[in-house]
Every structure is written in C-alpha cells, then in structure tokens.
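What follows is calculated from the coordinates using simple rules that are stated; it is not laboratory data. Owing to the predicted nature of the structure, the values given are computational and were not obtained by experimental measurement. Cβ coordinates were reconstructed from backbone atoms using ideal geometry, including for glycine residues, and neighbour counts include every protein chain displayed.
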Amino acid sequence: MLACWEQDQHDFMNERIPLFKWLKIKPLVNVVPSPSLLYLAPYIIDDGHDVHYLEGLFFTFENVMDRLSALQPDVIGVTLTSVDWENSRWMITEMKKLFSDAIVVVGGIHPTLWQERCFQECDGIDYVVKGEGEYTMRELLNCLQKKEIPLEVPGLVFFHEGQLVKTPDRETVEDIDSLPMPAHQLAPPDKYLPSPTFYNRLPHANIIGARGCPYLCTFCHTDRHVRMRSAANIADEIEWLVKEQGIKDIAFWDDTFTLSEKRALEFCDEILRRGLDVDWAVHSFHGQPRTAGLL
Ligand code: B12
Ligand code: SF4
C-alpha cells in the first residue's frame, strides 16, 4: 500500500509558490491525514505487509511517482471522493502506466456510490472496495498474496474473465470499539497543518468517534446507520496521541458528535479524570441544543 511522509509541507509550499518564499511566510494549508486510509493499515500491518502512507496532496505528480519508484509497491490503495474524481482518475491511469504490475485498489465514498463508473471512466483500477474497508482490504491482500481470485471476499467489485463481478456487500462493523486504533504513526501529526478554523494548538490530530448519521439532509451522503465508539475507547486513543505524539488538539470528524448526550458527558468525564491537557472540537447538529450547551 501507500506512502511515507518525509517532506515538511511548508518547505514544499515555499518551493512551489515563489511568492511565499519571497515573503518568507508559512502558508496555511488545510491538509490533515486521511482516517479512511489510516483505519485500513493496522490489520494489514499485523498480517506482515509493509505499509506506507503517501500524502498525495503535498506532492507534485512527479514527486508521487518518484516515491512510488522507491517503494516499488505490489498494491496501491487510493481513497476517493467525488470532488477529487477527475484528478484522481487521471492520476491512477498515469500511475498504472508506470507501475503496470502494481494492483490498484480504490475505496471511499465515490467508488462505493459509483462502482461501475469507476471502471468505465478509469483504466487503471483493478478492485473497487464497497463500503467499509478494514476487513475487505485485509482479506483481499491475503488472497492476492496466495495468488487466488477473491471471489469469496465480500465487498469487492472487479473484472474476472471479462465479466464484472460484484461479491455480496460486506456487513458493516457493528462494534466499532473492536476496530484497532487508526495507524496515526504512519502520518506523523506534527507534519500537518489543518485549516486555522480547525485548531487552537499544534500538533493536532483527527478522531473518528462514530460512523453514520441518522438525519436525512438531502445534499449529504453519509451512512444512515449510526455506530458509536464508547467514551472510554475514544479517550484511550486520545491518551495515546497525547502521550506518544505530543498532541495538544483534537478535531472530531463524527457527523454529529452530540447525538448521544450520555456519551458526550461520559467523554468529558473521561478527559477530566485522565487529566489530559488537550483541546477538542466537534461537529454538532441543532437537534441537540442541550448537549451542545453543556459542551
Ligand atoms: C473527514 C472528512 C473530511 C476532511 C478530510 C480529511 C482527510 N484527509 O481525509 C476534510 C475536512 C479535509 C474534508 C473536506 C471535504 N469533504 Co469531507 N468528509 C469527511 C468526513 C466527515 C469523514 C471521512 C472519514 O474519514 N470517515 C471515517 C473513515 C474511517 O470512513 P470512510 O472515509 O468511509 O472510509 C472507510 C471506507 O469508505 C473505506 N475506504 C475509504 N477509502 C478507502 C481506500 C481503500 C484503498 C480501501 C480498500 C477502502 C477505503 O474503508 C474505510 C474504513 O472502513 C466525511 C463524512 C463521513 N462521515 O464519512 C466527509 C465527506 C467525505 N466529505 C465530503 C465533501 C463533499 C467534502 C468537501 C468537498 C467539502 C467542501 N465543500 O470543501 C471537501 C473535499 C475533500 C476532498 N478533496 O476530497 C463528502 C463527500 C461526498 C462525495 N460523494 O464525494 C462526505 C461524504 C460528506 C457528506 N456526508 O456528504 N472532508
Ligand atoms: S446532520 Fe450533517 S451528517 Fe447528518 S445528514 Fe445532515 S448534513 Fe449529513
């Protein structure tokens, strides 16, 4: 899989945009590590695969290709949203020309919604992962390692003997406390600079405390099936980030953190009880004014 972080983003921006260099300013860019990819890594690291995380947003296409040349990956995983699709499909096609032996796996909201179109509009994709990827990616890689066709792995779309095969949907993970903590160590938070509206102090990290949202806003695509981590499980991850990575600031990417007033209050208690010196911010929803007020 992908990646590695070696270059400070400020130096990179300064190199790319001479005005910043001339003004000697450090540009603020809104880039944070992708939880989507970092959640996939722990199981495949456990299985003995060599996993790297490459932050494509910070590098030119040539830089990305150089880094891939150094890594010589067997499998390249890419996370995709619809807004990125035009750029991504171009990048994947070009990447596949240079690394024709590498297997390209895509996942995320765009491939989940537009499985066939991903193949129709991009030549470089070998596998689409539908929905949650932790178990699908793990089982796919283990199959590929054994040179087996992953017909028995749920959650996949791929071409086999000229036919598009869709394996059954994978069931969502109900107990998301059971998932290993995302592999923050692959994308050191001190290298990142989020948007100024997202943090008070640095270094900063992201947490996914729940998956899904029950509301029905028509413009929004999110899983309507809500699953929440326990307050203690979230606090364990924050404690690790504070103690191991010196994190001072957390942004929750839950769709609606205050959905459960009980959990929100338990979480506040956990942070106080553990004496963690960390600022944190959440997205809420006007439907829970009482909890929002308490926070
Ligand atoms: C965090 C987040 C951001 C962060 C991104 C941080 C980052 N570096 O990734 C920021 C603030 C930068 C951001 C920006 C935007 N975002 Co946003 N964001 C989210 C949010 C809230 C959480 C995503 C997340 O990390 N979820 C947790 C992970 C664990 O779940 P996941 O992403 O679904 O990943 C799982 C599976 O999809 C799969 N998977 C994902 N990728 C891959 C890759 C491989 C190889 C495999 C095997 C599997 C796999 O496995 C993962 C683990 O189970 C989602 C809403 C949501 N609840 O998902 C919106 C969401 C993704 N964002 C959205 C939008 C529209 C935007 C913006 C366009 C907003 C704007 N107007 O500027 C920008 C554009 C970003 C871009 N260039 O892609 C939409 C995308 C809709 C679409 N069809 O593309 C979403 C779905 C919000 C919504 N409900 O509509 N966003
Ligand atoms: S409350 Fe937010 S996450 Fe939930 S459906 Fe509406 S816009 Fe989407």
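Some points to look at:
- Model label zone, Leu113; criterion: amide N under 14 Å from point 7 Å along Cα-to-beta-carbon; scope the range 127-156: 131
- Loop exposure criterion: trypsin sites (Lys or Arg not before Pro), DSSP state outside H, G, I, E and B, at most 14 other Cβ atoms within 10 Å. Applied to the chain, the longest stretch between such sites is 25-145.
- For the chain, the pair-distance distribution built from all alpha carbon pairs, in bins 10 Å wide starting at 0, is 6, 25, 34, 25, 10, 1 percent.
- With the simple spin-label model, which puts each label point 7 Å out from Cα in the Cβ direction, the Glu261 to Asp46 separation comes to 3.7 nm.
- Between the amide H of Ile76 and those of Ile103, Val104, Val105, distances stay under 5 Å, these residues lying 5 or more places away or on another chain, with hydrogens modeled in the peptide plane.
- Nitroxide proxy distance, nm - points 7 Å out along Cα→Cβ at Gln72 and Lys166: 3.9
- Straightening the chain between Asp190 and Asp84 buys 35.6 nm, computed as 0.36 nm per residue apart minus the Cα-Cα spacing.
- Unsatisfied cross-links (Cα-Cα over 24 Å) in the set Lys130/Lys191; Lys96/Lys191; Lys130/Lys262; Lys191/Lys243: Lys130/Lys191; Lys96/Lys191; Lys130/Lys262
- One decimal place: the segment Asp277-Glu244 gains 10.5 nm when fully extended, by the rule 0.36 nm per residue minus the C-alpha distance.
- Magnitude of the charge dipole, the chain, Cβ model with Lys/Arg +1 and Asp/Glu -1, debye to 20: 740
- Principal axis dimensions, largest first and in whole angstrom, of the range 131-225 by Cα: 53, 35, 27
- Here the Karplus relation 6.51 cos²θ - 1.76 cosθ + 1.60, evaluated at θ = phi - 60°, turns the backbone of the range 70-84 into coupling constants of 5, 7, 6, x, 7, 9, 10, x, 10, 9, 10, 10, 5, 4, 8 Hz, with x for every Gly and Pro.
- A convex hull fitted to the Cα coordinates of the range 75-129 yields 59 cubic angstrom per residue.
- Separation of the range 54-76 from the range 133-184 is 24 Å, based on Cα centroids.
- Rg followed by Dmax, in Å, when the range 188-294 is reduced to its Cα trace: 14.0, 41
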